[in-house]
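Worksheet: the structure to be examined is printed underneath.
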Amino acid sequence: MTRNEVGSYDAVVLAGGGAARLGGADKPGVRVGGRTLLDRVLAACSGAGTTVVVAAPRPTSRPVVWTREEPAGGGPLAALDAGLRHAGAERLVVLSADLPFLGEQTVGRLLTVLDESGADGAVLTDPDGRDQPLVAAYRRDTLQREIAAVADEAGGALAGLPLRRLTARLELARVADPVAAFDCDTWDDVATARARIREHGTVLDEWISAVKDELGIDLDVDTGALLDLARDAAHGVARPAAPLTTFLVGYAAAQAASRAGTAGEGTTGGAEAVAEATRKAVALAARWADEDRQDAKPDATPGAKPDAKPDVTSTPPDAG
């Protein structure tokens, strides 16, 4: 599901809890796969128009709006209310900052279910079927109205109130995704997450995501095509050619996009430039490998028979 298919939304990420089960550690700053838990969640909601993080400011991989609940540490309901004040989109994704396996696809599913169900919110459920109200998509106007009602019932203060005081007032649709719902509440959870991302089936995607975040690249490319190119370069040329070739493909794609922008032609996305550079390099690697084959023959002359040999005899000039 692409960002255009998801449509517009804002995100509120709650990242100011006390992390008592982690011994008071800075949970949003805990690293899994080389990235902080907060940055992993920010990557999952990167399609948001505005992303509000309710916590003390810190360096992040993506630009966000910072705010704090009053008083600081006042609980998730007070934090949600504080974040909501900075969001303007009709649809709002609400996330905790301890979700190592949450991805854009799951965020897109929540928004789709919210639209199609007509409910007040769409929440993820954990493997035991329990609602996860901090992995959810809501209608902003409904949240504002119901949070105000909860505050009125409590005498105007939200601090210390449980989130269920709000969710009990909402009609909710549910989305099952036990992997995305996994959160890091304990050090054992962190160890499990770190081990899981290094499994053979996921480690490459995890590494690519980490590199893109580290380099500030927001680009989806055909990883399989690049890996095929690296393989062809390594086998057909020399092993060191693999990383050098993929680097040059990226450099060529950046140059092509820059030239198009300078010429005022606009670009349809860096992914297309990468794909075009990859196609050219793959063709070159194939031509290079062809020359090394023992049965390779020079390009045939048009009209010549395949097995015909060139006439290398010379005819002496006429004497007279």
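The values are calculated or read from the model by the stated rules, or taken from the named source; none is laboratory data. None of these values were measured; they are calculated from a predicted model. When we count neighbours, we look across all protein chains shown, and the Cβ atoms used for this are built from the backbone with ideal geometry, even at glycine. The area values use the complete protein model at the heavy-atom level, side chains included, leaving out ligands, DNA and RNA. Shrake-Rupley method; radii C 1.70, N 1.55, O 1.52, S 1.80 Å.
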Segment 88-142 - residue that is of a type in the set (D, E, K, R) and surrounded by 21 or more Cβ atoms within 10 Å (Cβ to Cβ) and, of those, farthest from the chain's Cα centre (by Cα):
Arg91
Kindly establish whether Val107 is touching a helix residue (DSSP H, G or I) at 6+ places or on another chain (Cβ under 8 Å), aliphatic (A, V, I, L, M) and over 14 Å from Tyr138 (Cβ atoms).
no
Every residue from segment 186-207 that is of a type outside the set (D, E, K, R), loosely packed, with under 11 Cβ neighbours inside 10 Å and at pLDDT 85 or above:
Ala195
Quickly run through segment 37-54 and pick out the residues that are at pLDDT 95 or above and among the polar types (S, T, N, Q).
Thr50, Thr51
From the residues in segment 166-185 that are touching a Phe, Trp or Tyr at 6+ places or on another chain (Cβ under 8 Å) and surrounded by 17 or more Cβ atoms within 10 Å (Cβ to Cβ), which one is nearest to Val150 (Cα to Cα)?
Leu170
Filter segment 218-251 down to residues that are polar (S, T, N, Q) and modelled with pLDDT of 85 or more and give me whichever is nearest to Ala289 (Cα to Cα).
Thr245
Single match in Gly73, Gly34, Gly16 (criterion: open to solvent by 20 Å² or more (accessible area, probe 1.4 Å), modelled with pLDDT under 95, farther than 25 Å from Gly108 by Cβ and touching a helix residue (DSSP H, G or I) at 6+ places or on another chain (Cβ under 7 Å)):
Gly16
I'd like the residue in segment 178-207 that is small (Gly, Ala, Ser) and assigned to a helix (DSSP H, G or I) and, out of all such residues, is nearest to the chain's Cα centre (by Cα).
Ala193
So which residues in segment 26-62 are within 19 Å of Ala79 (Cβ to Cβ) and without any contact (Cβ under 8 Å) to a residue 40 or more places away in the chain, if there are any at all?
Asp26, Gly29, Thr36, Leu42, Pro57, Arg58, Thr60
Quick check on this structure: which one of Asp39, Asp10, Asp81 is over 27 Å from Ala195 (Cα atoms), out of contact with any His (no Cβ under 7 Å at 6 or more places or on another chain) and open to solvent by 20 Å² or more (accessible area, probe 1.4 Å)?
Asp81
Can you go through Ala253, Ala234, Ala210, Ala242 and tell me which one is in contact (Cβ under 8 Å) with a residue 40 or more places away in the chain, in a helix (DSSP H, G or I) and open to solvent by less than 50 Å² (accessible area, probe 1.4 Å)?
Ala210
